[in-house]
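To keep things clear, I will list the structure first and then write my remarks on it.
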Amino acid sequence: MPKADYIWMDGEMRRWEDCTVHVMSHALHYGSSVFEGIRAYETPDGPAIFRLEDHIERLYRSARMYRIEIPYDVDTVCRACVAAVRENKLTAGYIRPLAFRGAGSVGVTARDMPIHLIIAAFPWGTYLGPEALEKGVDVAVSSWNRLAPNTVPPGMKAGGNYLSSMLIGYEAKDRGVAEGIGLGHDGLLSEGSGENLFLVEDGVIRTPPGAASILKGITRDTAIKLLADMGHVVIEQPLPREALYTADEVFFTGTAAEITPIKRVDHIDVGTGDYPVTRAVQDAFFGLFTGKTADTRNWLHRI
């Protein structure tokens, strides 16, 4: 992975190579960590972090679920994200805040260990490949289901949840495609290994609801709002697997994937290969960073 010079860790900026943890850290053994993925974009007015406060507030919601008491307030963590971008002299990049339980008692439910917080910021390009945003990606429906309700909460961005994502992603790579799509316990559409899913058919835009074992992504919310600005209504509803094969357009949203069209599902072409709705929301999204789309909701946190 691309490295940077510094990582903010436990209240101070440290050299990248000095940010180490003990092998007996609770998070390493049990996945007791929560995190966020945030992008900074180059704009005509300098670098800006996209929806920084929304991401950090979600970090705290995830932490609260797992009794991880982050020893800093939201404003301090937001300032630390800005500092990590600035100190690493980034004009654009990816920001990874991570809160986790450190070394202490080895018991699963033990809580007498320190809580650590790191914020890394480093260069990172297109997640699904350099041509993904323009040409789209091939995907496959995974044999692995997403997390069932009342097991592990999929609406929280916790480290342990991503074991499910790893299985979906590994299987997709083994099958020679860019990404996998997971179904819920009920056989209905859920999400990709790290992306939300949108389908367009006969001009109607649909996306699986929050109850479909998804993380309600911030880029997902962004796409819904940008589409509304263009006069489109997005319907959140349960969707069967076959909707993927009859759709005119399918696209992913996510901080890493941004707005990525899907051109083929299980070797079946999506629609005719035109992506008018996907292109419209893609243009509006990236327009936020070029100035083409007005930032009416104050989503850009200037550095």
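Nothing in this text is a laboratory measurement; each read-out follows from the coordinates by a stated rule. Everything numeric here is computed off the predicted structure, so don't read it as measured data. A quick note on method: Cβ atoms are made from the backbone with ideal geometry, for glycine too, and the neighbour counts reach across all protein chains shown.
Pairs with C-alpha atoms separated by more than 29 Å, drawn from the list 3/225; 157/292; 89/216; 135/292, are 3/225; 157/292; 89/216. Residues in the range 225-231 carry Karplus couplings, in order, of 6, 5, 5, 4, 4, 8, x Hz; the curve used is 6.51 cos²θ - 1.76 cosθ + 1.60 with θ = phi - 60°, and Gly or Pro positions show x.
Report summary: the helix-based calculation at 222 nm, which adds -39500 (n - 2.57) for every DSSP H run with n ≥ 4 and divides by the residues of the chain, gives -8000 deg cm²/dmol.
For the range 54-124, GluC sites (Glu not before Pro) meeting the loop criterion (DSSP other than H, G, I, E, B) and having at most 12 other Cβ atoms within 10 Å: 69.
Across 21, 139, 177, mean-square fluctuation computed from a Gaussian network of the chain (C-alpha pairs under 10 Å connected) peaks at 21. Compared with the dominant Cα axis of the chain, that is its longest principal axis, helix 74-87 is turned about 90°.
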